[in-house]
Ligand code: NAP
């Protein structure tokens with residue numbers, strides 16, 4: 001492995017999607033703080049590249065740009081995601097397809113398109129973003145829940161296929177984190193926010209940095225023998241019935 005101390009990502013090149021907001025933004029900042037060179041992508045905001053990760057061919061373009069900018073690619077964090085509450089009847093074809101396109105298909109495509117670059121790395125790391133919604137379901141989140149269950153399955157298969165190349169693939173599964181994604185629901189349904197605060201033994205909602213720190217840890221040498229796993233970052237919420 002690459003000669004960095006545990007916690008250190010000096011000399012590593014990273015690509016983070018969804019990096020203009022929330023968990024992705026915190027992750028890019030944390031990877032940079034650990035010494036990585038980070039290429040950031042989002043629909044909008046202060047990032048290196050504005051792109052819709054569901055656009056045809058875009059993921060191959062993005063990974064090529066990231067690798068060209070920073071001399072290769074060691075770390076991939078596909079963090080772009082969408083979520084909203086809709087009844088089953090409210091899940092029209094367009095909405096369901098869009099959630100699956102962003103949260104699953106684009107994640108698959110960017111992993112696939114990054115493989116040639118990650119195989120050149122001696123420290124290849126993929127950290128996908130799942131959810132506690134890969135453990136349970138909830139009313140109004142049919143498409144989202146399906147997408148996050150699938151991301152965990154994708155991660156496990158990717159880990160099996162890329163392990164022989166020394167590439168690890170893990171899935172961080174956040175609980176309720178205060179970001180622009182959850183803000184509308186927490187504002188509209190304060191009881192929903194209170195429920196998650198109470199459910200977590202640590203007694204609070206998560207912050208983007210709580211998740212970013214674990215993502216960064218999984219990218220370090222300390223996590224070199226961990227792959228194919230899902231890790232709840234939820235203040236312990238999943239341990240309480
Ligand atoms: P966020 O603050 O909304 O950040 C997600 C970012 O992804 C936004 O900047 C969004 O842009 C961008 N994005 C959406 N669709 C995109 C597309 N087609 N192409 C490129 N970028 C796109 O949400 P977050 O809470 O940090 O979520 C990050 C990840 O964590 C997601 O995968 C989410 O499912 C997961 N997660 C979040 C929580 C939570 O409680 N917050 C819990 C479990 C898992 P726009 O804002 O312009 O749409």
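The values are calculated or read from the model by the stated rules, or taken from the named source; none is laboratory data. The shown structure was predicted, so the numbers you read here are calculated from the model rather than taken from an experiment. Because the Cβ atoms are built from the backbone with ideal geometry, glycine has one as well, and the counts that use them run over all protein chains shown.
List of remarks:
- The stretch 206-226, residues that are outside any helix (DSSP H, G or I), within 12 Å of the ligand (Cβ to nearest atom) and either surrounded by fewer than 21 Cβ atoms within 10 Å (Cβ to Cβ) or modelled with pLDDT under 95 (or both): 207
- Whichever residue in the stretch 52-68 is near the ligand (Cβ under 9 Å from one of its atoms) and touching a residue at least 24 places away in the same chain (Cβ under 8 Å) and, among such residues, is farthest from residue 120 (Cα to Cα): 54
- Matching entry among 150, 159, 128, 146 (being without any contact (Cβ under 8 Å) to a residue 60 or more places away in the chain, within 30 Å of residue 221 (Cα to Cα), crowded, with 16+ Cβ neighbours inside 10 Å and more than 9 Å from the ligand (Cβ to nearest atom)): 150
- Every test in (1) within 16 Å of the ligand (Cβ to nearest atom); (2) part of a helix (DSSP H, G or I); (3) farther than 21 Å from residue 169 by Cβ is passed by residue 23 save one, and that test is (3).
- Count of the stretch 131-143 residues, restricted to those that are surrounded by fewer than 22 Cβ atoms within 10 Å (Cβ to Cβ) and more than 10 Å from the ligand (Cβ to nearest atom), is 8.
- Condition check for residue 117: in contact with a helix residue (DSSP H, G or I) (Cβ under 8 Å, 6 or more places away or on another chain), in a helix (DSSP H, G or I) and within 17 Å of residue 77 (Cβ to Cβ): yes
- Scanning the stretch 26-51 for residues that are within 14 Å of the ligand (Cβ to nearest atom) and assigned to a loop (DSSP other than H, G, I, E, B) gives 43, 44, 45, 46, 47, 48, 51.
- Count of the stretch 126-158 residues, restricted to those that are assigned to a loop (DSSP other than H, G, I, E, B) and over 14 Å from the mean Cα position of the chain (by Cα), is 7.
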